[in-house]
Amino acid sequence: SLTEDSPHEIPVARALIENIERTSGSQLSTLNPQLSFDPYSYQRRASDTLAIAGIGNSGQRIKLGGAELIRVVVKKANFDKIAHKIEKLGDYKPEIIYENAGIVEIDPRDETAIAKLNAERSPRFVTVSDDVDLAVIPAFRLLAGKLHSRHPILLKDVLSRGEEMLDTGYSMLDKEIQHPVSSIQHQPDFLTRLLSASTNIGSLLCDGIGDAILAQGEEAPGQALRLSYNILQAAGSRIFKTDYVACPSCGRTLFNLQTTTAKIKAATSHLKGVKIAIMGCIVNGPGEMADADFGYVGGAPGKVNLYVGKTAVKFNIPEVEAVDRLKDLIREHGKWVEPVPRRAAFEPTS
Ligand code: SF4
């Protein structure tokens, strides 16, 4: 989070480096695959659409691949733990049960398996087997490179999440140096699981790879679902809640970025799909707002300018009333809805 004070970012930065050190390697240096996509520019991999079994007994099928939403998958064991409260999961509902989806698991280095799949005219839902001794990112890049693009791909956050690896912890490390398989090399804490899932799945989504995701490194089903949806949101792949962009702040910042961001979030976090930029100054802020729908930008000390897209529409609003004026602006542009009183919507399952 760029709005945090820098010292709060240091533990996360350290954990990211540790994660990279654990999982990096030149495992694919001897492979020279013919890629089926351009890895140097962003474009979602153009898979075909596939309809597969959805959740529930209605027999309803759910589409994935092509331009469909990137779907959230759960293993059946985890689904069974939350099935009794599925309606209470709100925006964090699972969409596909792994074991019911006819998923083809392969080792992307297996030329015979790849050739067999590529010869199939109908799309198949494909993923990397859990027992493949490759790190997650190169494994899925290799799969995407070699598999015909008609076949949708399921991304996983970790491979080889065998219980025996978790149970034996660091004693496995020697083995893993020879077989550096996954992001999880020992009993990981939540930060490690979160960062592994975010960097692995997030990187692949930003490559344009992935039609569905499975967070299997996190055992708690509720936590895994929240993680899955938040990774999709952060990668810009599937927006299911309000999206915020904030500048990192610097000597030019004209208001307290952290408290202001908190105030804006408190007022707007129910606006699904609306993107709001919070920028400390007009010097560089407007240029950094990316594709935000609305902008809240420091115009002068104690004064705020409001933007629609990259166009300034309200100037020098006193800071004390600027959040209310932002709400008015969102209303004027038809993107405001009244917040629904919160129910006990979602109790995490531990
Ligand atoms: S937008 Fe302005 S205040 Fe924010 S980091 Fe950039 S220059 Fe500094």
Residues whose built amide H sits under 5 Å from the amide H of Lys314, excluding neighbours closer than 5 in sequence, are Leu306
Dividing the mean separation of Cα pairs under 8 Å (6+ apart) by the residue count of the range 275-323 yields a relative contact order in percent of 28
Probe 1.4 Å, heavy atoms of protein chains only: per residue, the accessible area of the range 205-350 in Å² is 47
For Arg325 and Lys263, extending 7 Å from Cα along the Cα-Cβ vector and measuring point to point gives, in nm, a value of 1.2
For Gly299, other-chain or 5+-apart residues with amide H closer than 5 Å (H placed, Pro excluded) are Val304, Asn305
Convex hull around the C-alpha positions of the range 222-306: the volume in Å³ per residue is 102
Computed over the range 104-154, the distribution of all Cα-Cα distances in 5 Å bins, rounded to whole %, is 5, 23, 38, 24, 8, 2
Between Ala246 and residues 5 or more places away or on another chain, the pairs with built amide H atoms under 5 Å apart involve Ile278
Quick calc: nm separation of the 7 Å Cα→Cβ label points for Asp291 and Ala15 -> 3.0
For the range 247-350, the convex hull over Cα atoms projects on average to an area in nm² of 7.9
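The values are calculated or read from the model by the stated rules, or taken from the named source; none is laboratory data. No experiment lies behind these values; they were computed from the predicted model shown. All Cβ positions, even for glycine, are placed from backbone atoms using ideal geometry, and neighbour counts span all protein chains on display. Accessible surface is based on the protein model in full, side chains and every heavy atom, while ligands, DNA and RNA are left aside. Shrake-Rupley method; radii C 1.70, N 1.55, O 1.52, S 1.80 Å.
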